[in-house]
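Single-structure report; data block below.
Each reported figure results from applying straightforward, stated rules to the coordinates on display, with no laboratory input. Remember, predicted model here, so these are calculated numbers, not experimental data. Quick reminder, even Gly has a Cβ in these numbers, built from the backbone with ideal geometry, and neighbours come from all protein chains shown.
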Amino acid sequence: MKHTINELEDIVSQVRRDIVRMVHGCQSGHPGGSLGCAEFMTALYFETMHHSTDFKMDGIGEDLFFLSNGHISPVFYSVLARSGYFEVSELATFRKLNSRVQGHPTTHEGLPGIRIASGSLGQGMSVAIGAALTKKLNKDHSLVFTLHGDGELQEGQNWEAIMFAPFNKVDNLISTIDYNGQQIDGPTEKVLSLESLQAKFEAFGWHVITSSGNDMGEIVKSLEYAKSLTGKGRPILNLMSTQMGNGVDFMVGSHKWHGTAPNDEQLASALAQNKETLGDY
Amino acid sequence: MKKYTYTEKKDTRSGFGVGLHEAGQKNPNIIALTADLKGSMKMDAFANEFPDRFVQIGIAEANMIGIAAGMTIGGKIPFTGTFANFSTGRVYDQIRQSVAYSYKNVKICASHAGLTLGEDGATHQILEDIGLMKMLPGMVVINPCDYNQTKAATLAIAEYEGPVYLRFGRPSIPVFTDPDQKFEIGKAWMVNEGTDVTIIATGHMVWKAIEAGEQLAALGIDAEIINIHTIKPLDEEAILKSLKKTGCVVTCEEHNKFGGLGESVARLLTTELPSPQEFVAVNDSFGESGTPDELMTKYGLDTINIVEAAQKVIKRKK
């Protein structure tokens, strides 16, 4: 391992601080899903993926990551900045005019680390499959990772992609579902039930693993296991249970913090729960 | 009037198929994708010679656009192929976010555009695609006029870096442009120089504009005919130069009059050189079943419509 679990958890603590401070700073954005995926994104960029912070769009010989649920951009930006893709001070410009740190991730402003725009949901898996096919054509044996919201799977394009990938043996792809059971209008079970995602993906031909996304030790192991399953003719689906708002007690488990910014008092409480480990931006 | 003749009729989509195959031979990074329309899109030659670079998506156009966008990451140049309706309206948001806004080097190649798709009727006859595509920032929009020009355009876009919408059609139409032409994106082709009226045409309407030019010459009217194959970026210089000479214009396109070439020309002229303009285009309508010729007549896209529009617009000159 490149880092100990304790070291990774310290990074997560800083990432959580970044998330709530960014959303508080512009009084806009999506803290709930961002916090729920802080361990996963930290594991991916600090432990699992082989990647270079000297950003090149083509990413030849590097593992690639695509964020399909682009609204959890705060966690993506924090992890990219903390990895060294750009200065952490730029996080302060989140959602503000003339910023590269747009509301949703984009290539348009040239922010290093972003390879596709996302925000309009359901498009990321198709893009990732395309990048994975190009890797195969280029005889590039590195991998493609994705993250999707669970509610996002209500978008039909996903199922076109989910059908395509196993049939075409896209086995250099590891897709993760942020299985937090929440979406803007309430629990997915009440808005439009997903029923058994495991059974659905397996029926389409994916190799499905399950993981606990807010346990750093477990998510690192799960991603290593997922990597060991690549190259065997099937795409890998990591069905990752998380809690929206994890790490900030008053945000945990509620869809109400999907797209709401904390006020000054709430920010202070959130920061008190997560120690400053790498220095605030 | 300069004389144009033809010895054979061919479909523009076959020009695309031959151009794609040749582009694939020249550049190993070119990829062809289709959503279950390999035959209709004339992609067989490419698919047979380069099976590893041909991607059969199945009937899933949204996935095709996303996969094409992703394939550019790592240096591939994807050409997607399906009918114009399924290439644009069906997948507008996928194109907008994953291709245009992300500025990916994807070539969206669309056959069966316009009324001349014929018997399948309005569900398949998109007359709004030029408008949809030209509104996307950075998108190049090309509508070539015959087999040779479509082949040349296909080769040209393979060498251009950035998103392109290439629109062509189903029916066999006269082949009258140079088989060895060099296609320059954004550069108008002067079909015939004249002084009384400018006729600007794109796609299947260019041959009809030539026929109209001959009929107008017989009536003593000297028409300048310009082929705008690239609707975006528009060759503003060529249009303004012509209008300074003729003072009026007829625009001709197999598209809704809203959002098409005519509106692009009108926008230019209103700001730079206000001039009388008549539109030969579909009058805010869906199409219907029929033969291509029957439909072009019923919806006012015949040679006679261009002749009448030219006579009318000349009278409106001050």
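List of remarks:
- For the residues A:Ile177, A:Ile209, A:Ile129, a GNM of chain A with alpha-carbon springs under 10 Å puts the largest fluctuation on A:Ile209.
- Check: the protein assembly as shown dipole with +1 on Lys, Arg Cβ and -1 on Asp, Glu Cβ, in debye: 900
- Counting only DSSP beta bridges with both residues in the protein assembly as shown, the antiparallel share comes to about 15 percent.
- Amide proton proximity set for B:Val250, modelled H, under 5 Å, gap of 5+: B:Thr198, B:Ile199, B:Ile200, B:Glu278
- Dipole axis of chain B (+1 Lys, Arg; -1 Asp, Glu on Cβ), positive-most option in B:Gly66, B:His124, B:Pro274: B:Pro274
- Computed on the range A:76-147, with alpha-carbon pairs under 8 angstrom and 6+ residues apart, the relative contact order is 17 percent.
- 12 Å beta-carbon shell around B:Phe168, net charge (K/R +1, D/E -1): +2
- DSSP-defined antiparallel bridges as percent of all bridges, the range B:166-232, nearest 5: 40
- Residue of B:Pro144, B:Pro28, B:Pro174 that the Gaussian network model of chain B assigns the largest fluctuation, springs spanning Cα pairs under 10 Å: B:Pro28
- Between the residues B:Ser264, B:Ser242, B:Val197, the greatest Cα displacement towards the positive end of the dipole of the range B:166-272, with unit charges on the Cβ of Lys, Arg, Asp and Glu, is found for B:Ser264.
- GNM result for chain B, Cα springs below 10 Å: residue of B:Gln181, B:Gln94, B:Gln56 fluctuating most strongly: B:Gln181
- Of all aspartates and glutamates in the structure, the ones whose alpha carbon falls short of 13 Å from that of A:Lys232, not counting any fewer than 8 places away in one chain, are A:Asp171.
- Cα gyration tensor shape for the range A:102-185, rounded if a/c is under 1.5, else prolate or oblate: oblate
- Per-peptide average of other Cβ atoms within 10 Å, ordering B:62-70, B:131-139 highest first: B:62-70, B:131-139
- Average partner coverage of B:89-97, which counts Cβ from other chains inside 10 Å: 3
- Helix-only [θ]222 nm of the protein assembly as shown, DSSP H runs n ≥ 4, -39500 (n - 2.57) each, per residue, nearest 500: -10500 deg cm²/dmol
- Compared with the dominant principal axis of the Cα atoms in chain B, helix B:303-315 is inclined by about 50°.
- Cross-link partners of B:Lys208 among aspartates and glutamates, defined as those whose alpha carbon lies under 15 angstrom from its own and excluding same-chain residues fewer than eight positions apart: B:Asp146, B:Glu224, B:Glu253, B:Glu254, B:Asp293, B:Glu294, B:Asp302, B:Glu308.
- Cα centroids of the range A:232-250 and the range A:147-186: 12 Å apart.
- Share antiparallel - DSSP beta bridges, the range B:187-318, percent rounded to 5: 20
- For chain B, the longest principal axis of the Cα atoms and the long axis of helix B:205-218 meet at an angle of about 20 degrees.
- For the range B:21-46 versus the range B:49-69, the gap between their alpha-carbon centres in whole angstrom: 10
- For the cross-link pairs B:Lys9/B:Lys317; B:Lys182/B:Lys244; A:Lys2/A:Lys275; B:Lys2/B:Lys245; B:Lys187/B:Lys245, the ones whose C-alpha atoms lie over 30 Å apart are B:Lys9/B:Lys317.
- Rounded if a/c under 1.5, otherwise prolate or oblate - the range A:173-218, Cα gyration tensor axes: oblate
- Using the Cβ of B:Thr72 as centre and a radius below 13 Å, the other residues enclosed give a net charge of +3, where K and R count +1 and D and E count -1.
- The separation of the range A:78-142 from the range A:1-68, counted between C-alpha centres, amounts to 12 Å.
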